[in-house]
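Below: one structure, written as structure tokens.
The values are calculated or read from the model by the stated rules, or taken from the named source; none is laboratory data. What you see is a predicted model, and the numbers here were worked out from it, not measured in a lab. Every residue, glycine as well, gets a Cβ built from its backbone with ideal geometry; the counts of neighbours run over all protein chains shown. Protein only, heavy atoms only, side chains kept; ligands, DNA and RNA dropped before computing areas. Shrake-Rupley method; radii C 1.70, N 1.55, O 1.52, S 1.80 Å.
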Amino acid sequence: KIRILTGVVLGVGLAGALFFNVFKIRNIQVAGNTRYTKDEIKEMVADDKWMKNTVLLTTFHSKVDMSDIPFMNSVEFTFVSYDTICIQVNEKKVVGYVEYEGQKVYFDKNGIVLECVDEEQETPAEGEPSDGTASDGTSADGSLTSESLASESVSSDGTASESSTSDGALSADTIKSARVTTTDFQPTLSDVPLVTGLTFDYVTVNKQLPVEKPAVFRTMLALTRMTEKYNITPDSVEFNENSEIILHYYDTVRILLGTDTALEEKMTRVAAILPSLSGLSGELHMEDYKDGDSSFVFSKDV
């Protein structure tokens, strides 16, 4: 009986050792990341006690809440092979930022303030942040010349800080000390456009920007989807007093879209025309767009 018991114990111990050795995590893949690098994502989860065994991790701890990190929602672990896992990153959708009291205030598709970053704080501006998601849409081929643009019309067919108040609000006195809360990881935000023309009196992290017309956030989400599809993110998006949209490109080109009606069709035309506007200065008028229009007036700056 002693020999049998000893054999069982040794067998179980050997099986356990083999299990933990064979299914030890040796390779980690990362997918879905656009704001943080792969190395940063790996570092975020490195201290997780389950990050040792592929089977145990993906079976008992497959999803982790990461909402305490700016611009992150969660990560999910999936089994790839006996020694490899994949970290699928779920990020918060950032559609724009506004400037307020020396801060860049980033917000999501619902206008919820995600983070406040000091305007002088540098974030990575060049190159891909990772091998994660990237827009694979390309703009339509437009071949408009400067000479043709000078004419009457243009054809698109041929072309939270510690100093916040108790309710989380950042007042004018305290917002200047707000910073990205996770200093170890610097998010890439160079593809997020500035939004101007919105008026508000205060900023509250994790609360909606108190603008007069919240429907503007729905418009920003639609714009973001289209600009990502065609890879034509503007330098800034302006909303005038009539809630009409003006896109700014190249520091010198303004595209007047009018209201958000037929926005998808308008942005398809913008993608076709935009490459030929580089180097010019003026306004492309699309505010009176009607279904099927392919020609638009370009007014050069004097």
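The table for this structure:
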quantity: Selection count where residues are on the phi < 0 side of the Ramachandran plot and open to solvent by less than 10 Å² (accessible area, probe 1.4 Å), scope the range 250-262; calculated: 3
quantity: Subset of the range 95-117 (residues that are hydrophobic (A, V, I, L, M, F, W, C) and open to solvent by 10 Å² or more (accessible area, probe 1.4 Å)); calculated: ILE112, LEU114
quantity: Residue count for the range 83-120, restricted to those that are touching a helix residue (DSSP H, G or I) at 6+ places or on another chain (Cβ under 7 Å), in a loop (DSSP other than H, G, I, E, B) and under 18 Å from THR233 (Cβ atoms); calculated: 1
quantity: Per-region count, the range 235-248, residues open to solvent by 10 Å² or more (accessible area, probe 1.4 Å) and within 13 Å of GLU283 (Cβ to Cβ); calculated: 5
quantity: Entirely in the range 250-302, the strands (runs of 3 or more DSSP E) that have 1 or more residues that are within 24 Å of the chain's Cα centre (by Cα); calculated: 253-258
quantity: Flag if PHE217 is over 20 Å from PHE298 (Cβ atoms), open to solvent by less than 70 Å² (accessible area, probe 1.4 Å) and not in a loop (DSSP other than H, G, I, E, B); calculated: yes
